[in-house]
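First comes the structure, then the notes that go with it.
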Amino acid sequence: MIKVRVEFLGGLDVVFSKQRVHDLTIDAEELSMQGLIDYIVQNLITNKNDVDVFLEDDNIRPGIITLINDTDWELEGEMEYEVCDGDVISFTSTLHGG
Amino acid sequence: MIKVRVEFLGGLDVVFSKQRVHDLTIDAEELSMQGLIDYIVQNLITNKNDVDVFLEDDNIRPGIITLINDTDWELEGEMEYEVCDGDVISFTSTLHGG
Amino acid sequence: TTVQEYPLSLEEYRRYGRQMIVEDTGGVQGQVRLKNSKVLVVGAGGLGCPALPYLAGAGIGQIGIVDNDIVDTSNLHRQVLHDSTKVGMLKCESAKAVLNKLNPHVNVVTYPVRLNYSNAFDIFDGYDYVLDCTDTPLTRYLISDVAVNLGITVVSASGLGTEGQLTVLNFNNTGPCYRCFYPIPPNPMSVSSCQEGGVIGPCIGLVGTMMAVEAIKLIIGIYTPENFQPFLTLYSGFPQQTLRTFKMRGRQSKCICCGDNRSITRAAIESGEINYELFCGSRNYNVC
Amino acid sequence: TTVQEYPLSLEEYRRYGRQMIVEDTGGVQGQVRLKNSKVLVVGAGGLGCPALPYLAGAGIGQIGIVDNDIVDTSNLHRQVLHDSTKVGMLKCESAKAVLNKLNPHVNVVTYPVRLNYSNAFDIFDGYDYVLDCTDTPLTRYLISDVAVNLGITVVSASGLGTEGQLTVLNFNNTGPCYRCFYPIPPNPMSVSSCQEGGVIGPCIGLVGTMMAVEAIKLIIGIYTPENFQPFLTLYSGFPQQTLRTFKMRGRQSKCICCGDNRSITRAAIESGEINYELFCGSRNYNVC
Ligand SMILES: [Zn+2]
Ligand SMILES: [Zn+2]
């Protein structure tokens, strides 16, 4: 069992039942970011038509910043990162208003 | 040995070598807030004339807010609180400028 | 008599449209709450200057400004609601002129006096919220004391150098007051090592802007008796910009202003019995 | 020729005294740095309105303002540097008039044009820092691309609803650029579930004020090549006001603008070869 907190920021929560923070307990021994993202798509997106707000070509949609424990996932191995118990994974849409 | 982070905010660092964050390792089995404050006065205040910026009548000077892990120490037992390994204890002067 | 069928005019819908469509504001209902509210800002300095135009822009019905100080060149790096052509003018009048042009729907009332024990009740009476944008412990105790006695919630903030602090006092007449946090006033003699302080304009400006956000949140009902938690937020501008929010004590039953045995009553304040001058001393407390 | 014995006039000492005594500013030396610096602000809207007066108040020597938009009533709840008497006026001229009165020592230059690939280099040239206060991905890519090619550091921010984001791009010509963070532009078709967004005035205002703090920190040298860490700061106004700072990737060697093989060159941009319009689409991206 892996406990992980997932956050959807910058307006992304609109496709996650308007809930910004989700505390998940996932029944797995090991969980990569790829696995977590698959889990999110299957379990957290209310309306399947909204998947392309989160994903594009099986990757995180351009314009969304992904963070592992407040650090850009590019510094942590991206899809290959092994999620640890207690991790906080955040996704934030980029705002453009000014 | 108890490891504790002590912070002096809101300008209080002026009497602590202008250093806002001090990571301390204190050689004790148990340490109350009273004990920590005694330690701070004895070891961290550079100029002994400055003690009354921090203390008044053996208590934390009025106008200084004391926090234990980001919570008002009034909610945690004040001087009687037992400091735990890894605690963050913050002292902040109250600002008055506007 | 004409029946007011629509709560807002077309011009108001147009002016406030972009904030009304933010879901948290509650749309028309929230806008009407803003319009029906009266907010008193004590101090048109570094904190008041950014708070005032955002309150006026948002469509607060009545904004009061208490300040007897006049605009000085040395204020202008941070008190950016005023300008060089207004040096020598009362800050409250300078601010009023700007707000009137920004939003003619807002009724701006000025009080060109120094807030004290004898005038505070008359000035505060009728306002829903007070923003403490002052710069001495004396006025901070006085504002909190008067607000508690009148049942007014206070947004209180301060700043110096590159730092600032923000809190909400007497929320819903159940939250802590300034004396709950600071039962004993600072001793002027104890702050001898602290120098007179400078301030970075946008750092104090950010804290004043936060005050406007808090005021709007209070008015539109984001805080409720159920969800409100007493807090103190610290802003640091340097080296990184950070906000830290501390969980604070609730109302103290032993508080002499808002607790079970109250001695800081309206009568005691107005009679001059509570000596704010003596009590807080007269030194400059800006640093410590 | 007269020798300039004192770097600042008496009036300037008086005006900036309260900020010069803040230790972090470096006193006179820091003030001279501010005076000798040129900052370009692209966009005099919700972000530019609070950033501009604090930059002017602080004594930046030259402030450029790029904006071809005119003041509209619906702007005024958040664009509080303008006012109701200026509806229909160019925002850059409205802002200039306010800044000139606030601080006559500042040279304010206006560019009443829409920033595009053919005029950006001419406008940016000679400025030390650029503040990106715009509201579309198109201009965000363009500003970053041009700044990288001219060796200018960018303070970039955005906001919507009750939230905002802030970062510093191309710091010291070694930090990441906008394309390092966003190598692939957002696909307009993918944001179909997002609605047109509103905004709370002081929330976007707070982010604009943060931009002024960052600009001042850059000018007075708080950030150094040794201590600078790429970051993205998120502000939330509701329900609590919070700032969260994320540690971000450094400059990407594969970045087509600032990396080892650069295709986004000045020649490529100015020739119109980089099609910003096509590339970013034309939909409203405000929400997602
Ligand atoms: Zn109380
Ligand atoms: Zn790059």
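The values are calculated or read from the model by the stated rules, or taken from the named source; none is laboratory data. Here the structure is a predicted model, which means the values were calculated and not measured. Ideal geometry is used to build each Cβ from the backbone, glycine not excepted, and the neighbour counts take in all protein chains shown. Side chains are part of the model used for accessible areas, which takes the heavy atoms of the whole protein and leaves out ligands, DNA and RNA. Shrake-Rupley method; radii C 1.70, N 1.55, O 1.52, S 1.80 Å.
General observations
- Burial order of peptide ranges B:14-27, D:256-269 (average beta-carbon count within 10 Å, highest first): D:256-269, B:14-27
- Value of Rg to Rh for chain B, rounded to two decimals, is 0.93; Kirkwood radius and Rg both from alpha-carbon coordinates.
- Carbon and sulfur %, accessible surface of the stretch B:2-93 computed with the full protein complex present, 1.4 Å: 40 percent
- Buried surface for the C/B pair, taken as the accessible area of each chain alone minus that of the pair with a 1.4 Å probe, is close to 2800 Å² in total.
- For chain D, the relative contact order comes to 18 percent (Cα pairs under 8 Å, sequence separation of at least 6).
- For the set C:Lys35/D:Lys217; D:Lys101/D:Lys217; C:Lys217/D:Lys35; C:Lys38/D:Lys86; C:Lys38/C:Lys247; D:Lys96/D:Lys247, the pairs lying more than 32 angstrom apart at their alpha carbons are C:Lys35/D:Lys217; C:Lys217/D:Lys35; D:Lys96/D:Lys247.
- Across the stretch D:144-254, Cα pairs under 8 Å and at least six residues apart give a relative contact order of 32 percent.
- Nm distances between copies for D:Glu5, ranked from closest, using label points 7 Å along Cα→Cβ: 7.6
- Placing one equal scatterer on every Cα of chain C and applying the Debye formula, the log10 ratio I(q)/I(0) at q = 0.10, 0.14 Å⁻¹ is -0.53, -1.07.
- 0 to 90° range, to nearest 10: angle between helix B:33-43 axis and chain B longest Cα axis: 60 degrees
- Taken about its Cα centre, the stretch B:2-93 carries a charge dipole of about 580 debye when Lys and Arg each add +1 at the Cβ and Asp and Glu each add -1 at the Cβ.
- Accessible area per residue for the stretch A:2-93, computed on protein heavy atoms with a 1.4 Å probe, is 45 Å².
- Solvent-accessible area per residue for the stretch D:19-174 (1.4 angstrom probe, square angstrom): 28 Å²
- The stretch D:1-41 and the stretch B:81-98: distance between their alpha carbon centers, rounded to Å: 36 Å
- For q = 0.09, 0.11, 0.13, 0.18 Å⁻¹, Debye-computed log10 I/I(0) when each Cα of the stretch D:1-116 counts as one equal scatterer: -0.28, -0.40, -0.54, -0.88
- The D-C contact accounts for roughly 5200 square angstrom of buried accessible surface, both chains included, probe 1.4 angstrom.
- About its Cα centre, chain C has a charge dipole of approximately 380 debye under the convention of +1 per Lys or Arg Cβ and -1 per Asp or Glu Cβ, with nothing else charged.
- Sequence-distant contacts, meaning Cα pairs under 8 Å at least 6 residues apart, place the relative contact order of the stretch B:2-93 at 44 percent.
- Computed from Cα positions, the angle between helix D:10-20 and the longest principal axis of chain D comes to roughly 50 degrees.
- Using the Cβ-Cβ distance between A:Thr71 and D:Asn187 with R0 set to 22 Å, the FRET efficiency from 1/(1 + (r/R0)^6) comes to roughly 0.25.
- Here C:Gly221 yields copy-to-copy label distances, from shortest upward, of 5.5 nm, the label point defined as 7 Å from Cα along Cα to C-beta.
- Magnitude of the charge dipole for the stretch D:1-98, about its Cα centre and with charges confined to Cβ atoms of Lys, Arg (+1) and Asp, Glu (-1), is about 40 debye.
- Per-residue shielding of D:126-137, expressed as the average number of other chain Cβ atoms within 10 Å of the residue Cβ, stands at 1.
- Each other copy places its own label point for C:Phe121 at 7.3 nm from this one, sorted shortest first, where the point lies 7 Å along the Cα-to-beta carbon line.
- Cα-based values for the protein assembly as shown, radius of gyration first and Dmax second, are 26.1, 80 Å.
- Looking at the stretch B:2-93, the GluC sites (Glu not before Pro) that sit in a DSSP loop and have at most 12 other Cβ atoms within 10 Å of their own Cβ are B:Glu29, B:Glu30.
- A helix-only calculation puts the protein assembly as shown at -8000 deg cm²/dmol for mean residue ellipticity at 222 nm, using -39500 (n - 2.57) for each DSSP H run of at least four residues, averaged over all residues.
- Per-residue mean of foreign Cβ neighbours for D:179-185 is 3 (Cβ atoms of other chains, 10 Å radius).
- Other protein chain Cβ atoms within 10 Å, averaged over every residue that makes up B:5-11: 4
- Projecting the Cα atoms of C:Ser94, C:Tyr127, C:Leu142 onto the dipole axis of the protein assembly as shown, where Lys and Arg carry +1 and Asp and Glu carry -1 at the beta carbon, places C:Ser94 farthest toward the positive end.
- In this label model, D:Val109 and B:Asp27 are separated by 6.5 nm, measuring between points 7 Å along each Cα→Cβ vector.
- The loop-placed GluC sites (Glu not before Pro) in the stretch C:1-75, going by DSSP, that have at most 14 neighbouring Cβ atoms within 10 Å of their Cβ come out as C:Glu5.
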